[in-house]
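Data block below; observations after.
The values are calculated or read from the model by the stated rules, or taken from the named source; none is laboratory data. Just so it is clear, the structure is predicted and the values come from calculations on it, not from any experiment. Here the Cβ positions follow ideal geometry from the backbone for every residue, glycine too, while neighbour counts run over all protein chains shown.
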Amino acid sequence: MTEQYSTSKSETCRCNLPTLQAPKVSGTLPSGGFEGILPFYWKTQVITYNVHRVLTPPSNFHPRMFYPDDSVHLDFDMIAVGLQEVGYIPNCYIANSLLRKKSWPDVFERFYASRGFGRLTFNLSGRIQMVGMILIVFIRRPVLQYVRKVEVKYVKTGLNGYLGHKGAICAKIFVGDGVSVVLVNSHLNPDPNNADYRVWEYNLITEKCHLSDAKQPGDYDYVLWFGDMNFRVHRVGSDEALNLIEGKHFSKLLDYDQLTVLRRAKLAFHEYTEDSINFNPTYKYLPGTSHFDLSRLPSYCDRVLYRKAVDSRQKPGFPLEIFSFQYGPFMNVLCSDHKPVSNTLMITSYLLENSSSPIVFESPSCSKGTCWLAGRSNVCRYIQNVNYVPGLWDWIGVYQMTFANDRDVITYGYMLTSWEEAITERGIVQNILFKQRYIPPAGTYLLGCFSRRNRCLIAISEPFEVIDPDQIAKSCYTLAPDQLPESMQTSMTLSESHQREGSRERSKKDDKEDSKEE
């Protein structure tokens, strides 16, 4: 039986998923009458930031500024960072690469990797298609394998859909065994008086990413839409707007907000929910300060909205829930004319009790005699589900324990090079050879299976040790041959056979010399 926990909307509890041996997710839910499933909460943070055409992060910026209370222990399962107006000038880009200046994704990746997160690399080509827009998604490493699949789309809306300097990056992430989360990072038209064009952009993105009230099952379960929407405060004088801001009469100021007006009129984003805005406008500021640049009327350009389907597309009747809290800007970030905005959300998903990964590693183990030896060729053994067919470019990789992204491998081998050992009730036992020159030094590592079709890791092993053979050699005199690792037994067997062959050759040579002397 699965142990159940009660979880309130404002508090999170940590739990184990005993069936799949997942380390932890943000909380379990009562099964609600659904047998054979384990519901849980998936805690997500969304950050949107227009960086004002800056190619690389300036010296006065660091991601830890988003966590003023505790920048070490980040209690999230997924973090999505949407950037807009990232400078992209080819000459400057090449110069910064030669000078080894860290890009925006590099800085975020390094920070979150040190906090226990791994980046999904599903949209490495997105920068080519969408100028200045980047969507970066980080998953807590222990639950990374429960991201089953990632799909991505790029929607251009600049110049009536021909240019990619405006538009959206849409990523559909399948969490658990039946729930999809669509992340939309958008940058819409900036003309203050052209809200109609932004409505057209909204409709185009909705159509291209299939975000309407979908008639086709499985289109989405949750949508988190964020970015620089560029909807402005209008039809109010600057003096009156500033008085409302100083008096913290934000609800009255929102009466002049284009997005609020359009949502009330059900012309755009009316299907979405936005938390109460109890903070100052996020645009436009004098860079380096928290003072408004009054060349533009202060506006709420940077927003986070969300919606959910009525119930799960894969399991009708399963209650989809989404709770939101901590919606607001980071006023301490001063390097742009925008303020970054964040929201924290909890969504419900589930795992099937009889679910298993298509690939299950038999982690190398000294106790089983299958540990890996540094400087020696080693074999990776795994069990492949009989219904799973690997893609042409799927591979098995060796990862450090602190890997930064799902392609951050030390070495890898394509699954097409594997050989079949046996067929069992659990599946097909496969082996991949890792040659000695690619084996990392002694230490603790992970094995991971990356699917190019799914754009993510579909399996991760338990930690295993690569052992220095010299350390084993020092203790060999205390061990019987059958107690040594397989690779050492193989080496010793080969060595003994070579010695026997050598002695035979020497005896033959001696016999020939003796016959000549006679």
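Give the residue, chosen from Ile432, Ile458, Ile383, Ile396, that is under 30 Å from Ser114 (Cβ atoms), touching a Gly at 6+ places or on another chain (Cβ under 8 Å), aliphatic (A, V, I, L, M) and not in a loop (DSSP other than H, G, I, E, B).
On the way: Ile432 fails: under 30 Å from Ser114 (Cβ atoms); Ile458 fails: touching a Gly at 6+ places or on another chain (Cβ under 8 Å); Ile383 fails: under 30 Å from Ser114 (Cβ atoms).
The unique qualifying residue is Ile396.
Tell me whether segment 467-476 contains one or more residues that are at pLDDT 95 or above, assigned to a strand (DSSP E or B) and either surrounded by fewer than 15 Cβ atoms within 10 Å (Cβ to Cβ) or among the aliphatic types (A, V, I, L, M) (or both).
No, segment 467-476 has no match at all.
Okay, residues lined up against (1) more than 23 Å from Asp196 (Cα to Cα); (2) touching a residue at least 12 places away in the same chain (Cβ under 8 Å); (3) in the same structural domain as His291 (by the TED database); (4) in contact with a Leu (Cβ under 8 Å, 6 or more places away or on another chain):
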{"residue": "Glu246", "(1), (2), (3), (4)": "yes, no, yes, no"}
{"residue": "Tyr256", "(1), (2), (3), (4)": "no, yes, yes, no"}
{"residue": "Ala265", "(1), (2), (3), (4)": "no, no, yes, no"}
{"residue": "Asn278", "(1), (2), (3), (4)": "yes, yes, yes, no"}
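Yes or no: Ala241 among the small types (Gly, Ala, Ser), crowded, with 17+ Cβ neighbours inside 10 Å, in the same structural domain as Lys339 (by the TED database) and closer than 24 Å to Lys153 by Cβ?
Spelling it out, it is not the case that Ala241 is among the small types (Gly, Ala, Ser), crowded, with 17+ Cβ neighbours inside 10 Å, in the same structural domain as Lys339 (by the TED database) and closer than 24 Å to Lys153 by Cβ.
Please go through segment 157-186 and pick out each residue that is surrounded by fewer than 20 Cβ atoms within 10 Å (Cβ to Cβ) and in contact with a Phe, Trp or Tyr (Cβ under 7 Å, 6 or more places away or on another chain).
Asp177, the sole residue that qualifies.
Could you check Tyr388 against (1) surrounded by 18 or more Cβ atoms within 10 Å (Cβ to Cβ); (2) aromatic (Phe, Trp, Tyr); (3) modelled with pLDDT under 95 and say which number it fails?
Only one criterion in (1) surrounded by 18 or more Cβ atoms within 10 Å (Cβ to Cβ); (2) aromatic (Phe, Trp, Tyr); (3) modelled with pLDDT under 95 is unmet by Tyr388, namely (1).
Taking the condition of being outside any helix (DSSP H, G or I) and of a type in the set (A, V, I, L, M, F, W, C), how many residues in segment 226-256 meet it?
Let us first name the residues in segment 226-256 that are outside any helix (DSSP H, G or I), namely 226-237, 247-249, 255-256.
From the residues that got through so far, the ones that are of a type in the set (A, V, I, L, M, F, W, C) too are 226, 229, 231, 233, 236.
Looking only at that region, the number is 5.
If you scan segment 301-319, which residues turn out to be in a strand (DSSP E or B) and in contact (Cβ under 8 Å) with a residue 24 or more places away in the chain? First the steps, then the outcome.
Taking segment 301-319 as the starting set, the residues that turn out to be in a strand (DSSP E or B) are 302-308, 311, 319.
Of everything in segment 301-319, those that are in a strand (DSSP E or B) and in contact (Cβ under 8 Å) with a residue 24 or more places away in the chain turn out to be Asp302, Arg303, Val304, Leu305, Tyr306, Arg307, Lys308, Pro319.
List the number of the failed condition for Asp75; all other conditions in (1) modelled with pLDDT under 95; (2) part of a helix (DSSP H, G or I) hold.
So the condition that Asp75 fails would be (2).
Looking only at segment 320-332, how many residues end up being surrounded by fewer than 16 Cβ atoms within 10 Å (Cβ to Cβ) and assigned to a loop (DSSP other than H, G, I, E, B)?
Residues flagged as surrounded by fewer than 16 Cβ atoms within 10 Å (Cβ to Cβ) and assigned to a loop (DSSP other than H, G, I, E, B) within segment 320-332 amount to 3.
Test each condition in (1) more than 20 Å from Asp337 (Cβ to Cβ); (2) more than 27 Å from the chain's Cα centre (by Cα); (3) assigned to a helix (DSSP H, G or I) for Asn278 and report the one that comes out false.
Status for Asn278: all satisfied but (3).
Any idea how many residues of segment 196-212 are of a type in the set (Val, Ile, Thr) and in contact with a helix residue (DSSP H, G or I) (Cβ under 7 Å, 6 or more places away or on another chain)? Before the answer, list the steps.
Of all residues in segment 196-212, those of a type in the set (Val, Ile, Thr) come to 199, 205-206.
Imposing the further condition that a residue be in contact with a helix residue (DSSP H, G or I) (Cβ under 7 Å, 6 or more places away or on another chain) reduces the set to 199.
Result for segment 196-212: 1.
Among (1) modelled with pLDDT under 65; (2) of a type in the set (S, T, N, Q); (3) loosely packed, with under 14 Cβ neighbours inside 10 Å, which single condition is Ser59 missing?
Looking at each condition in turn, Ser59 falls short on (1).
If you check Pro463, Pro440, which single one turns out to be within 23 Å of Leu120 (Cα to Cα), surrounded by fewer than 17 Cβ atoms within 10 Å (Cβ to Cβ) and of a type outside the set (Phe, Trp, Tyr)?
Pro463
Of the residues in segment 349-380, how many are part of a strand (DSSP E or B) and closer than 16 Å to Ala422 by Cα?
5
Do the conditions hold for Gly397, that is, is it of a type outside the set (A, V, I, L, M, F, W, C) and on the phi > 0 side of the Ramachandran plot?
Working: of a type outside the set (A, V, I, L, M, F, W, C): yes; on the phi > 0 side of the Ramachandran plot: no.
When the stated conditions are applied, Gly397 does not pass them.
Output the number of the condition that Ser377 fails; it satisfies all remaining conditions of (1) buried (at least 19 other Cβ atoms within 10 Å of the Cβ); (2) in contact with a Lys or Arg (Cβ under 6 Å, 6 or more places away or on another chain).
Only one criterion is unmet by Ser377, namely (1).
Quick one: how many residues across segment 157-184 are touching a Leu at 6+ places or on another chain (Cβ under 6 Å) and over 13 Å from Val131 (Cα atoms)?
Residues that pass the stated criteria total 4.
Only one of Pro298, Pro329, Pro287 is free of Cβ contacts under 8 Å to residues at least 60 places away in the same chain and outside the structural domain of Gly427 (by the TED database). Can you tell me which?
Pro329
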